[in-house]
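The structure appears right after this line, and notes come after that.
The values are calculated or read from the model by the stated rules, or taken from the named source; none is laboratory data. Keep in mind that what you see is a predicted model, and the values were worked out from it rather than measured. Glycine gets a Cβ as well: all are built from the backbone with ideal geometry, and neighbour counts include every protein chain shown. The accessibility values were calculated without ligands, DNA or RNA, using every heavy atom of the protein model including side chains. Shrake-Rupley method; radii C 1.70, N 1.55, O 1.52, S 1.80 Å.
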Amino acid sequence: MKKILTGLQPTGNITLGNYIGAIKQMKELQNMYDSYIFVADLHAITVPQERENLRKNTYNLLALYLACGIDPNKNTIFLQSENIYHTNLSWILECNTYYGELSRMTQFKDKSKKNVNFTTGLLTYPILMASDILLYDIDYVPVGQDQKQHLELTRDLAERFNKKYGDTFKIPEPYISKTGTKIMDLVNPTIKMSKSNENKKGIICLLDDIDLVRKKIMSATTDSDMIIKYDPENKPGISNLINIYSSLTDKTIDEVEKEFINKNYGEFKKAVSDVVVKLLSQIQNEYQKYVNSELIDNILQKGIEKTLIEAKKKYEDVKNKVGFIR
Ligand code: AMP
Ligand code: TRP
């Protein structure tokens, strides 16, 4: 069976962008593939984290996976920091990666601009991500558009290692859905919806108060020409709402445009908020069942036992090829 894997960082509230870009895809694919999903807590500390916050966010993200419909019987769910082979492999790959490749990464350039005292981890972050994937012979990696460049680097590193040391790593492919690969901020639809955006009115978090969510969508930035048409360049706000609606209803963009052909922006926004609110209400109901539940520790235990065995096997092969004697 082909394998898929993804990870999310436990850095606070998970947004509708995270859901559409990564979690929803995993949920749909879990019936067809051998699925792995983890909490990228090592990636989270590339920027400063408070201990208690990190712990809380990690538990909450796990509860949210379950609440979103990630089935623990169909997925291997684990904690990145618990599996030592991720960082071990990462070091070896670091020694096969060029500084220039890392400093070119868009995400690194953006994040390092925000704080002049950025850490080395922020630079080497994509190598750890490559290790997460390459340890398990993954075929597809469901992610949002913003991770595509990191996936390309992963492929380059795998090919480089295979060429130098012989066939070792499977070359993974990104799995990016057509619509909703990049959900934009509601207030400023030219930037990505991200939990770190300053204006919270522009982002929808899965655990946001439902009335607030309606308000945020109803006041989303649009334009003045009153046509519901997909045109990201000239109509970024409306196109973003079309993307959200299309992803959550599984309708094509064409179908959405037809559905709202003679409708006004208010009617369209109401329809978008209805589907978002329906989804969030379901998730929030489920979330209450899982948050603080013992189930999570049991799931993590199963996940770490399985992934340690698999990752060790790959790492031993790598170690041996590199020339470490034991
Ligand atoms: P992060 O929040 O950086 O841990 O992202 C977790 C996953 O969500 C990654 O696969 C991202 O590509 C995806 N993602 C984050 N923001 C968005 C967005 N605005 N639209 C679509 N996918 C996103
Ligand atoms: N870098 C990803 C993000 O910030 C999270 C991540 C870490 C990841 N390792 C991964 C995603 C491996 C997919 C596969 O969103």
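Computed in the context of the full set of protein chains, the accessible area of the range 1-86 at 1.4 Å probe radius has 49% of its extent on carbon or sulfur. Rolling a 1.4 Å probe over the protein heavy atoms gives the chain an accessible area of 50 Å² per residue. Across all directions, the shadow cast by the convex hull of the chain built on its C-alpha atoms averages 17.4 square nanometres. What the phi angles of the range 156-168 give under the Karplus curve with 6.51, -1.76 and 1.60, with θ = phi - 60°, is a coupling list of 4, 5, 5, 5, 4, 5, 4, 5, 6, 10, x, 3, 10 Hz, glycine and proline written as x. For the pair the range 153-224 and the range 24-84, the centres of their Cα atoms are 16 angstrom apart. Given their separation in residues at 0.36 nm each and the Cα-Cα distance between them, ASP211 and LYS178 gain 8.9 nm when the chain is fully extended.
Once the Cα-Cα distance is subtracted from the 0.36 nm per residue extended length, the ASP167 to GLN107 segment shows a gain of 18.6 nm. The stretch between PHE118 and SER194, if pulled fully straight at 0.36 nm per residue, gains 25.4 nm over its current Cα-Cα span.
The modelled label-to-label distance between GLU286 and ASN298, using points 7 Å beyond Cα along the C-beta direction, is 1.8 nm. Residues SER224, SER35, ordered by accessible area of protein heavy atoms at a 1.4 angstrom probe radius and largest first, appear as SER224, SER35. Taking a quarter of the surface of the Cα convex hull of the range 200-288 gives a mean projected area of 5.7 nm². Pairs from the list LYS24/LYS192; LYS148/LYS306; LYS229/LYS269; LYS192/LYS314; LYS3/LYS251; LYS56/LYS289 with a Cα-Cα gap above 25 Å: LYS148/LYS306; LYS192/LYS314; LYS3/LYS251. When you count the other C-beta atoms within 10 angstrom of each residue and take the mean per peptide, 49-60, 133-144 line up highest first as 133-144, 49-60. Report summary: the helix-based calculation at 222 nm, which adds -39500 (n - 2.57) for every DSSP H run with n ≥ 4 and divides by the residues of the chain, gives -16500 deg cm²/dmol. Among the protein heavy atoms of the range 215-326, carbon and sulfur supply 51% of the accessible surface, probe 1.4 Å, non-protein parts ignored.
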